[in-house]
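Down below is the structure, laid out as structure tokens.
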Ligand code: FAD
């Protein structure tokens, strides 16, 4: 099979991802995508043309050696393929599931010029699962201990990737996490049906085995400040990776009514605190059964919110988005899955006011229709209200998923850190060094809400710089 001509390879169709039946999965929280079999993975890998200049790599924010790992898959050497990816990406089982490959590596894939691009993300996911399930995550050798102590604040992808590199460099690494579970958005935001929590746990457990000290329920800025970590606790460097977890609201009348959640609160209650198993788990969440539920926004968070509401039994679960489907930032796969599951999309529509009953419970939303004008600062066409188009839609629950800003806790308690006007920490891009000596930052707290792979890449950039810094702090 390896001897296939380019034409033969081009003639192989993209292998579909096996998935749970749409009607069935809309009623459970089990993973939607079931993953490639060995045969499907090998067949998909044979579609790769093994280009002399693999431009797909230019599309990967962390430069995974895509051509090499796919070659190993085609040969059936799945474990080596996983190790090859891990040279550049320590969380392939996660990125293979949630990365927007269609806008990154797969968008550059040469096969995609004529046919569907090679399913790089699905292959990444397959080999990572193969390693974890069949051979176990590889344990790495730790260099001689350096005696240096590093504090990492936040256990999302930025914090975890930084911790992985720094522990392997021989430093003592402590990760402080505000919540009671580790993994950041990977556990509290992205639902089980897209990213099973056992995968994140396996990665965290591997880091624990390497000696990373995780402290949960530790809110830095409250339990200890960044300065106290360095002057009292003796940490030689700090990496701030606290993400962007402060939800934005729409500031329209009625937004304080009962039955209106931020997406963060709704998803945290359901995912992290297992509200979908109430009363087995003691976390109440709005009873969605036979109710009409609207989620406002068009990103991945909105898709996760509305699909969660559907799974909790909503009669009508809809996305209300003020632009058109072409401007929606959510991944195409997620939108497609949502449509299959019976989610309703109401485009070019904006909420003006929430309406409640005498007891303060949401009963309806007042909406207006929009049309698209010229592109705005984001490059997307600006939505403009259509006069006289207002109407009332009955709903009993609303989820606001229009984005997040940075949590002010660190900002308020850490003098000397420079911020931009959106409240994100300013860093030097090539090192993630902040304006405060010995303090580095990366992930969503620097970029604003972005992606898992960018956060992970930032953690790795910071780890390299922290290594250099620790060798000679006076030069920094
Ligand atoms: P986070 O993952 O936010 O982790 C930060 C951690 O820091 C949290 O655990 C938080 O509790 C902790 N923390 C905060 N303050 C403190 C403090 N003071 N002390 C101690 N700990 C603190 N990206 C994709 O690529 N694909 C997707 O499909 C996708 N879907 C998403 C769905 C949802 C619902 C959301 C919300 C985001 C999604 N994203 C997706 C974005 C992605 O998850 C983030 O870009 C990424 O997780 C950012 O990583 P991070 O490490 O910077 O921060």
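Restricting to segment 146-163, and then to whatever is surrounded by 24 or more Cβ atoms within 10 Å (Cβ to Cβ) and more than 6 Å from the ligand (Cβ to nearest atom), can you tell me which residue is farthest from residue 447 (Cα to Cα)? Among those residues, the one meeting the criterion is 150. Is one or more of the residues making up segment 448-469 within 22 Å of residue 172 (Cα to Cα) and not in a helix (DSSP H, G or I)? The answer is no, given that none of the residues of segment 448-469 is within 22 Å of residue 172 (Cα to Cα) and not in a helix (DSSP H, G or I).
Can you say whether residue 70 is in a helix (DSSP H, G or I) and touching a helix residue (DSSP H, G or I) at 6+ places or on another chain (Cβ under 8 Å), as far as the supplied structure shows? In short, yes.
In the list 475, 417, which residue meets the criterion of being within 30 Å of residue 168 (Cβ to Cβ), out of contact with any strand residue (DSSP E or B) (no Cβ under 7 Å at 6 or more places or on another chain) and away from the ligand (no atom under 12 Å from the Cβ)?
475
Within the set 243, 234, 221, 170, the sole residue that is under 22 Å from the mean Cα position of the chain (by Cα) and part of a loop (DSSP other than H, G, I, E, B) turns out to be 243.
Scanning segment 210-236 for residues that are touching a helix residue (DSSP H, G or I) at 6+ places or on another chain (Cβ under 8 Å) and within 23 Å of residue 169 (Cβ to Cβ) gives 210, 211, 212, 214, 220, 226, 235, 236.
Being within 12 Å of residue 338 (Cβ to Cβ), part of a loop (DSSP other than H, G, I, E, B) and either within 16 Å of the ligand (Cβ to nearest atom) or in contact with a helix residue (DSSP H, G or I) (Cβ under 6 Å, 6 or more places away or on another chain) (or both) narrows it down to one residue among 298, 305; which is it? Selected residue: 298, the only one of 298, 305 that is within 12 Å of residue 338 (Cβ to Cβ), part of a loop (DSSP other than H, G, I, E, B) and either within 16 Å of the ligand (Cβ to nearest atom) or in contact with a helix residue (DSSP H, G or I) (Cβ under 6 Å, 6 or more places away or on another chain) (or both). Among residues of segment 66-95 that are in contact (Cβ under 8 Å) with a residue 60 or more places away in the chain and over 19 Å from residue 54 (Cα atoms), those with a beta-carbon under 8 Å from a residue that is more than 16 Å from the ligand (Cβ to nearest atom) and in a helix (DSSP H, G or I) at least six positions away or on a different chain give the pairs 93/129; 93/132; 93/202.
Return the pairs, sorted by first residue and then second, in which the second residue is assigned to a helix (DSSP H, G or I) and away from the ligand (no atom under 16 Å from the Cβ), the first residue lies in segment 323-352 and is within 26 Å of residue 313 (Cβ to Cβ), the beta carbons are less than 7 Å apart, and the residues are 6+ apart or on different chains. Listed pairs, sorted by first residue: 340/22; 341/22; 341/25; 345/325; 347/325.
Only one of the numbered conditions (1) within 23 Å of the chain's Cα centre (by Cα); (2) away from the ligand (no atom under 11 Å from the Cβ); (3) under 23 Å from residue 221 (Cβ atoms); (4) surrounded by 24 or more Cβ atoms within 10 Å (Cβ to Cβ) is violated by residue 422, and that is (4).
Picking from residues in segment 425-452 that are surrounded by fewer than 24 Cβ atoms within 10 Å (Cβ to Cβ) and within 11 Å of the ligand (Cβ to nearest atom), the one that is nearest to residue 160 (Cα to Cα) is 451.
Values in this text are rule-based calculations from the coordinates and carry no lab data. Just so it is clear, the model here is predicted, and its values are computed rather than measured. Neighbour counts are summed over all protein chains in view; Cβ atoms, including those assigned to glycine, are modelled from backbone coordinates with ideal geometry.
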